Structures are given as C-alpha cells and as structure tokens.
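Trainee: So that we are looking at the same thing, I have put the structure below in structure tokens.
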Amino acid sequence: MANTKHYILTSVTLGAIAAASALLISASNMVTKDKIAQNEIDSINSGIAKIFGESAKILNEGKVEDSSYKYVSYYYEVKSNEDAGYVIRTTGSNMYGKISLIIGFNYDEEFKSLSVITNEQTYAQTLVDNYLVPLNEGSRDLNDVSCGATYGAKLVRDMVNEASKSIVEKVWEK
C-alpha cells in the first residue's frame with residue numbers, strides 16, 4: 001500500500017510540473033508570437049531595401065504553391081527608384097540547421113543579391129563571412145562552395161539555383 005501511495009504522489013507531482021510547464025510555455029508564446037512575426041517582416045523589408053535600395057516598394061507578392069519546389073516559398077515583385085525585379089523567399093535546412101533567405105533578381109532574370117532572414121546554421125558566421133558576403137560583393141562564384149561552411153554554402157547555392165529556376169518559370173503565374 002505504501003508503494004502505491006508513493007507512485008501516485010510521484011505521478012501527481014510530475015503531472016503538476018508538466019501542466020505548469022505547458023502553461024508557462026503557452027503564455028510565453030502568446031506574449032512573443034506577434035513580436036517574432038513582426039521581426040520576420042522587418043527582416044524581409046530590410047533585406048529588400050538592401051537588394052533594391054531604400055526606396056523599394058513591394059508591388060505584388062504571393063505564396064508559391066508549386067510542390068516541385070523544395071526551397072522556394074514566397075515571391076515579391078519589387079520596384080525602387082534605382083531598379084526593379086523579383087525577390088524570392090526561400091527556406092531550407094540541412095544537418096547543420098535552418099536558413100531562410102530572400103534572393104533578388106532583376107527583370108532580366110539575373111541574380112542581384114541575397115539577404116539572410118534567419119541563419120541557424122552551426123557555422124553561421126563562417127558561412128556569412130566566407131560565402132554570403134563575397135557572393136553579394138561579386139567576388140565569389142555561386143558554385144565555389146568551399147568556404148569552411150561547405151554544407152551551408154551548398155544549401156545556399158541550391159536555394160539560389162531553385163529561386164533562379166522559379167524566376168525563369170514564373171511559377172506564380174501558373
């Protein structure tokens with residue numbers, strides 16, 4: 001009988017701890033979810049401004065529904081005082097973590113630049129310093145992925161190539 005009482009008390013205690021933890025996590029989510037969503041929107045707008053200039057405005061946007069695309073999720077048609085084109089939002093992951101990018105192309109379907117929305121890669125700073133920054137500056141070829149964060153660079157390369165393919169195919173017009 002004493003053992004049964006001990007097991008019941010232990011179960012109730014662990015259940016109470018689990019319930020309190022779930023309540024705390026739920027409350028934290030309710031408080032932070034809007035801020036997290038706003039930060040993502042701000043990152044996208046900031047990235048578009050980096051690619052197309054401060055005067056960039058989104059003319060058209062939408063979700064890409066074509067299931068043959070692994071990374072491409074959204075598109076934006078953008079116009080600024082200096083330039084115009086498309087921005088493709090991509091998200092991908094590998095064994096080193098997740099990364100989300102927006103990739104800019106001009107109307108001639110040529111790669112302009114990219115901007116990071118989230119970078120949860122294990123070697124995130126190495127990827128940025130040795131691959132993404134030189135790629136944006138034009139001093140690194142897209143296919144030159146040997147940079148100290150090779151798996152992350154391969155993922156970015158694949159994301160850019162798929163975004164380029166989606167631009168050519170204009171998947172949002174289907």
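Residues are listed down the side, and each one gets a yes or a no for (1) surrounded by 10 or more Cβ atoms within 10 Å (Cβ to Cβ); (2) polar (S, T, N, Q); (3) touching a Ser or Thr at 6+ places or on another chain (Cβ under 8 Å); (4) over 26 Å from Ala124 (Cα atoms):
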position: Met30; (1), (2), (3), (4): no, no, no, yes
position: Gln38; (1), (2), (3), (4): yes, yes, no, no
position: Phe52; (1), (2), (3), (4): yes, no, yes, no
position: Leu59; (1), (2), (3), (4): yes, no, no, yes
position: Val87; (1), (2), (3), (4): yes, no, no, no
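Trainee: Identify the residue in the range 8-65 that is among the hydroxyl-bearing types (Ser, Thr, Tyr) and more than 16 Å from the chain's Cα centre (by Cα) and, among all such residues, is nearest to Ser100 (Cα to Cα).
Mentor: The extreme case among them is Thr32.
Trainee: Residues that are loosely packed, with under 11 Cβ neighbours inside 10 Å, modelled with pLDDT under 90, in contact with a Gly (Cβ under 7 Å, 6 or more places away or on another chain) and under 30 Å from Glu162 (Cβ atoms): does the range 73-82 have at least one? Give the derivation first.
Mentor: Residues of the range 73-82 that are loosely packed, with under 11 Cβ neighbours inside 10 Å, as a first pass: 82.
The next check asks that each one be modelled with pLDDT under 90; those that pass are 82.
If we keep only those that are in contact with a Gly (Cβ under 7 Å, 6 or more places away or on another chain) as well, we get 82.
Keeping just the survivors that are under 30 Å from Glu162 (Cβ atoms) gives 82.
Yes, the range 73-82 has at least one match.
Trainee: Would you mind finding the one in Gly92, Gly97, Gly85 that is farther than 16 Å from Leu155 by Cα and small (Gly, Ala, Ser)?
Mentor: Values: Gly92 fails: farther than 16 Å from Leu155 by Cα; Gly97 fails: farther than 16 Å from Leu155 by Cα.
Being farther than 16 Å from Leu155 by Cα and small (Gly, Ala, Ser) holds for just one of Gly92, Gly97, Gly85, which is Gly85.
Trainee: Pull up the range 139-174, narrow it to residues that are of a type in the set (Lys, Arg) and under 25 Å from Tyr76 (Cα atoms), then point me to the one that is surrounded by the fewest Cβ atoms within 10 Å (Cβ to Cβ). Let's see the steps before the verdict.
Mentor: Just the residues of the range 139-174 that are of a type in the set (Lys, Arg), to begin with: 140, 154, 157, 165, 170, 174.
Narrowing the set further to residues that are under 25 Å from Tyr76 (Cα atoms) leaves 154, 157, 165, 170, 174.
Details: Lys154: 16, Arg157: 17, Lys165: 15, Lys170: 11, Lys174: 8.
By that ranking, first place goes to Lys174.
Trainee: A follow-up question, please. Do you know which residues across the range 120-138 are surrounded by fewer than 13 Cβ atoms within 10 Å (Cβ to Cβ), within 18 Å of the chain's Cα centre (by Cα) and farther than 15 Å from Arg157 by Cα?
Mentor: Pass one, the range 120-138, residues surrounded by fewer than 13 Cβ atoms within 10 Å (Cβ to Cβ): 120, 125, 133, 137-138.
When the remaining residues are screened for being within 18 Å of the chain's Cα centre (by Cα), the result is 120, 125, 133.
Listed by number, the residues that qualify are Glu120, Gln125.
Trainee: Between a first residue in the range 126-142 that is part of a loop (DSSP other than H, G, I, E, B) and a second residue that is among the β-branched types (Val, Ile, Thr) and at pLDDT 90 or above, which pairs have beta carbons less than 8 Å apart while being 6 or more apart in sequence or on different chains?
Mentor: Leu142/Val160
Trainee: Determine which member of the set Glu54, Glu109, Glu65 is touching a strand residue (DSSP E or B) at 6+ places or on another chain (Cβ under 9 Å), charged (D, E, K, R), at pLDDT below 90 and assigned to a loop (DSSP other than H, G, I, E, B).
Mentor: On the way: Glu54 fails: touching a strand residue (DSSP E or B) at 6+ places or on another chain (Cβ under 9 Å); Glu65 fails: touching a strand residue (DSSP E or B) at 6+ places or on another chain (Cβ under 9 Å).
Step by step, each of Glu54, Glu109, Glu65 is checked, and only Glu109 is touching a strand residue (DSSP E or B) at 6+ places or on another chain (Cβ under 9 Å), charged (D, E, K, R), at pLDDT below 90 and assigned to a loop (DSSP other than H, G, I, E, B).
Trainee: Which members of the range 110-125 meet the condition of being in contact (Cβ under 8 Å) with a residue 12 or more places away in the chain, out of contact with any Lys or Arg (no Cβ under 6 Å at 6 or more places or on another chain) and closer than 20 Å to Arg89 by Cα?
Mentor: Taking the range 110-125 and keeping what is in contact (Cβ under 8 Å) with a residue 12 or more places away in the chain, we get 111-124.
With out of contact with any Lys or Arg (no Cβ under 6 Å at 6 or more places or on another chain) added as a condition, the list becomes 111-114, 116-119, 121-124.
Listed by number, the residues that qualify are Phe111, Lys112, Ser113, Leu114, Val116, Ile117, Thr118, Asn119, Gln121, Ala124.
The values are calculated or read from the model by the stated rules, or taken from the named source; none is laboratory data. Every value quoted in this text rests on a predicted model; they were computed, and no experiment measured them. As a convention, Cβ positions derive from the backbone with ideal geometry for all residues, glycine included, and neighbour counts pool all protein chains shown.
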